[in-house]
Structures are given as C-alpha cells and as structure tokens.
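Everything below concerns the one structure shown next.
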Amino acid sequence: MSDGAGLAVAPPPASVLPRLATPDWRLILGCFIGSRLWLTLVGLVTLMVMPPQPAPNLGVASYAATLTDLYVRWDALWYVSIAEHGYSTIVPPFQGAGTISYAFYPLYPLAMWALGSVTGLSAAAAGLVISNASFLGALAVIYVLAEHWSGSRAVAGLAVALLCVVPQSFVFSAVYTESLFVLLTALSVLLFERRRYALAGVAAALGSASRSNGIFIVVYFGLAILRDRGLLGALRFWREPEAYMPIVLAPLGLFAFWWFCMLTTGDAFAQKSTMVHGWQWAFDWPWNNIVNQYRGTDFRFKYFMTLSLMMFAASLTLLRRRSWPLFGYCLACFILFWTGNLANSLLRYSLVLFPIFYGLALVLAPHVIVRRLVLAVFGLCGTLLMVLWAIGSIFVT
Amino acid sequence: MTRRLRTIVVLGVEAILLAGMLASFVYFTRNSRDVVLTHPEAAVPGPSTAG
C-alpha cells in the first residue's frame, strides 16, 4: 500500500481483511452441470450421426463413440500415454521424428496416474474426473475472486457463466491440463489476495508444473505488489519479504520438471528440444508471427490467430484502476503464445486466462440485452466447435 | 518468533531458493544435450502400423 508519496505502509493483517464471499453454489453447479451435459449430449449425438474422421497422426485409426473417447482427443492421448507408461524418448507409432512425450508438462498426467492407482480407474477416466472436479473448483474460486474484486454477485455469476459457455469450453472437461491449470492459477491469485503468500506460492509452483505459461503468474504477483505499495514500497522488499514468496516459489514446478528431464535424458530442456525437432516450433517476434500467419496459405493458422487476437482484445477490459496487474499477466501469456511460429490451439491456450472472463463480465453485466446476446453467440459457437471436436476436426485442437 | 527474526528467516529462505534456481539454470545450460539429437530412438518416426 502507498500513502501517495511512495512511502510503504504496513498492510493490514489477514485477520482484519474483509471476509470473502461464499460462492453461490446453486448458480455455479447450474452453469457447470448444464453446460457439461449439453456439450456431452451434442458430442455423443454427433458421434452417432457422423463417423469420426480417421486420426492416423495420433496413433488411432478412428475415435470410438464412447463417453471417455469423446473427451480423449489430440494431446489427451499423450497425457494418457504418460500416465500409463511414463515419459519416454521413443517416438510413438504414427508420430513424426522427434515428437516425444517430454513435450508435455508432468503435473496433470502425474495426478491421473495417482488417482488411477488409488481408485483403479483407467488413466482416461481418472483424467476426466480430475478435469471436471478441477473445473468445478476453478469456477468457485473465480466466483469468489470476481465478487471480491467487483463487489457484485451479478458480475461474479456472469464471469462463471461466460467461462462455462465460451467456445471450446469443453476442453475443461476433456483429458487436458486446462481445468487443473485454471484452478491452480486462480487459487494462487486468491491466496495472494488473502495474504496467504506461502500457499499462493505452492499453488503457483504446481501451476508452473502443469503448463508452459504457468510461470507467468509471477507477472501478476509483481504488478500487484507494485500497485499496492508503489514503486518505492515494492523496492523495499525487506519490509515484508513474505509478499515476495509466491514469486520465488512459482518457478519451482518448472525447475522440478527441468531436473527430471535432466536426470532422465541429459537434456533439461527436453520439452523445447522435442517442440523444435518434432513439432517444428520456432521462435520469432510476436509481430512477425502474427503477420506471417495472415500472409501464409494455411487458413487454419489465420483462424487460430484471429481467435487469439479476439481474446487479447477482450483482455483489454482489464485495463482498469485495480485490475491492470491481471491484464499484465494476460499480456505476458499472449506474448509467449505469439512468439511461437505455430498458431495451433491458440484459442485453447487463451481460455486458461481466467481474468479475461472477469473483465468481460464487468463490461457486460450492466447491459442485459448485450449480455444475453454474447452468451447466446458463445453457446452457439461452442456447440459448433463441440461437433467439430467430436469428429476430430483439425480446427479444434 | 519476533518480527525481525521472521523477516530474516524468510529473506534467507528466498535467497537460498533463488540461488538454487540460478545455479540449476547455469548447470542446465552448460550440461544439457539435445535429447532428440542424442537419442537415436527419438530422432526417427514411430513404427507404422498402417495398412
């Protein structure tokens, strides 16, 4: 906190902070169950009337029309493989040279293996349980955060509803890392807001062990300290060093993965190595990549880049007096996304940036007709993408 | 634990963690060998079962 002259003022202890709101479980459960049931129904009906496209590059001749297989697509097969057999430097059948499982972060498949070992569930079923439970938990945390920031239950409810119906929100129920990642990052932000710094750091460290952009939550922590204390107060870190603990702890998940890679392959950066050789990932400046996607001939890349730019535009709603550190976090993640030459999956990557939905809810909440229109358009587009997902389309990866 | 002692302990823990991560990173950059180039099984496509 700053007194306006840049002098640090001791923050109030957690015990005198305003009590956080309790989540509106009826609304959260309604959004969660309603959206999951609808998307699953659409997916299963699609599988019944349209045979799935062959997916030879994924090691399966075609997808089966079962509930589990509906949510095991694309990268989900890698997570199932890691959970069942561990990491390997052997290229799986049908995959190109250099594509090995070290491209995927370990926390989610580790959780799948652990749950499967305890309960006897298959890796895919364990993944479904973890993803859906994490998504439900993430919705509750985001609701509490949104109400805490805005002071409005309407904004909090709308943020939750938007996240449930946003196009491609079915990935939160798939065997993907997105829902676990959103839960961990939102939880770390909530704990940081409550000055539970060590726990916030632990949640952030788990986040950095689950996705490549997990480490970027430190941008939020740093900017939030700057916002609350001013520049001079932020520089005097010794006055309350606990506040910096999340920044120090957050990279530990990433470093743990690097150590694992180093000890098992001799390459700490095996994730980058396989991305470069196997997936032909290459670094370039974001502005070059954005221009190149539109100059290229692959319509798919134009499509994904356009969607990520739309999500970035939505993140501009966070440029407000108190929420600009959240924008800083989103901006850092978008820059990471755009530094890669591959535009695949950019919509899915953007969905984990949960502050965007808070920003959108802030803008949309006062406008009833616009709010309903956005929810309807989201729902329609989400339904279409679920159909494409069910048939294994390359436009939904 | 007094406030002063607590501050020293926290700063010490943070310094150790940062030093450990920095040392690890330097070690990684000096000793890592590209896994795809050094592991023959990673450099070739997986066995095809097509057909």
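None of the figures in this text is laboratory data; all of them are computed from the coordinates on show. Here the structure is a predicted model, which means the values were calculated and not measured. Here the Cβ is made from the backbone with ideal geometry for all residues, glycine too, and neighbour counts use every protein chain on show.
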Rounded to whole Hz, the Karplus (6.51, -1.76, 1.60) HN-Hα couplings of segment A:324-336, x for glycine and proline: 5, x, 5, 4, x, 4, 5, 4, 4, 5, 4, 4, 4
Which ³J(HN,Hα) values in Hz, rounded to whole numbers, follow from the phi angles of segment A:158-163 under the Karplus curve 6.51 cos²θ - 1.76 cosθ + 1.60, where θ = phi - 60° and Gly and Pro get x? 5, 4, 5, 5, 4, 5
Sort B:39, A:148 by Cβ crowding within 10 Å, fewest neighbours at the top. A:148, B:39
Go ahead and estimate [θ] at 222 nm for chain B from helices alone: -39,500 (n - 2.57) per DSSP H run with n ≥ 4, summed, over the residue count, rounded to 500. -21500 deg cm²/dmol
Given the Cα-Cα distance of residue A:118 and residue A:90 and 0.36 nm per residue of separation, how much length would full extension add, in nm? 7.3 nm
Packing-based order for A:198-205, A:332-339, using average beta carbon neighbours within 10 Å, highest first: A:198-205, A:332-339
What average count of beta carbons from other chains do you get within 10 Å of the Cβ of residues in A:144-152? 0
If I model a spin label at residue B:30 and residue A:299 as a point 7 Å from the Cα along the Cα→Cβ vector, what separation in nanometres do I get? 5.4 nm
Average beta-carbon neighbours from other chains, 10 Å sphere, peptide A:229-238: 1
Suppose R0 equals 45 Å; then what is the FRET efficiency for residue B:8 and residue A:281 from their Cβ-Cβ distance, rounded to the nearest 0.05? 0.55
Using a 10 angstrom Cβ neighbour count of at most 15 plus a DSSP loop assignment to flag exposed trypsin sites (Lys or Arg not before Pro), which longest range of chain A is free of such sites? A:20-193
